[in-house]
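*Asks:* Just dropping this structure here.
The values are calculated or read from the model by the stated rules, or taken from the named source; none is laboratory data. Please read all numbers here as calculations on a predicted model, not as lab measurements. In this analysis, Cβ positions are derived from the backbone assuming ideal geometry, glycine residues included, and neighbour counts consider all displayed protein chains.
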Amino acid sequence: MNLEKKGEAEGVFFTLCRMTAKLSVISCLWHIQNMRYEIKGGELPVVEIHLESEESINCENGAMSWMTDNVAMQTKGGGIGKMVSKAFSGEAMFGNTYTAQKGPGMITMCTNFPGSIVAIEITPGKEIICQKGAYLASTPGVEMSIFFQKKVGSGFFGGEGFIMQKMSGTGLVFIEIDGAAIEYSLDAGQRMIIDTGYLAMMDATCSMDVETVKGGVKNMFLGGEGLFNTVVTGPGKIILQTLPKIQMASAISAFMATGR
């Protein structure tokens, strides 16, 4: 790629970022699972977590943005099994634990892409399945593990891949969403048809499969929606995202190819 086109592509990216950066100063202080936090910043969000003395928060490697000077960091791997699990699920093999010492403290974590941060309460029997790389932070009682797609078709053609992230245990987890987060609650047997990359999270009670685009060969090859869609069946909640990274990358690459 020549420097001129590289500069044009970077200009498109930063223009899109500026378009989504209508920062909001309105935020609410939430108190869930004894964790006090605020999500602020509009479409370029940050979660501000308020820790009591000796209270801790776990997060992915490099997630911390700023914090008070009485918050101490400890890097952990969690054993070979957990380290390998993190690597396969799209996270760094090592994670960090931050603990407030000698009084209350504060720590913040930002997303690495324009979008949203969603806080989800995890309890036994209320596990969630997320896209790779969605995990941002959690209270110590939350466990992250690999979730394998059981159906070959879902892994190959669904766009979400064979490996996703499963959150279980007890506590609060913060996940990153590409773009705005749109939530739906599906009844038992109710289905949602989703294009590649738009599924960010689903309750573990939901099931996922793929199906070919309906309407015959003309729709499949000329409709612009690809050959397959992801199908999620309830019961359970799902969160869809409006700006998947794969879609933005495709738009930027098309611009770079044409130079327009």
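Condition check ((1) in contact (Cβ under 8 Å) with a residue 60 or more places away in the chain; (2) assigned to a strand (DSSP E or B); (3) among the β-branched types (Val, Ile, Thr); (4) crowded, with 18+ Cβ neighbours inside 10 Å) across all residues:
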position	(1), (2), (3), (4)
SER53	no, no, no, no
ASN58	yes, yes, no, yes
GLY62	no, no, no, no
TRP66	no, yes, no, no
ASP69	no, no, no, no
MET73	no, yes, no, no
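*Asks:* Residues that are modelled with pLDDT of 95 or more, at negative phi, over 12 Å from the mean Cα position of the chain (by Cα) and not in a strand (DSSP E or B): does region 193-203 have at least one?
*Replies:* no
*Asks:* When you scan region 122-150, how many residues do you find that are assigned to a strand (DSSP E or B), modelled with pLDDT of 95 or more and surrounded by fewer than 20 Cβ atoms within 10 Å (Cβ to Cβ)?
*Replies:* The qualifying residues number 2.
*Asks:* I would also like to ask the following. Restricting the search to region 19-48, which residues are among the polar types (S, T, N, Q) and at pLDDT below 55?
*Replies:* As a first pass, look at region 19-48 and keep what is among the polar types (S, T, N, Q): 20, 24, 27, 33-34.
Listed by number, the residues that qualify are THR20, SER24, SER27.
*Asks:* While we're looking at this one, here's another question. Among the candidates PHE174, PHE157, PHE255, single out the residue that is modelled with pLDDT under 85, in contact with a strand residue (DSSP E or B) (Cβ under 9 Å, 6 or more places away or on another chain) and not basic (Lys, Arg).
*Replies:* Details: PHE174 fails: modelled with pLDDT under 85; PHE255 fails: in contact with a strand residue (DSSP E or B) (Cβ under 9 Å, 6 or more places away or on another chain).
Result of the check over PHE174, PHE157, PHE255: PHE157.
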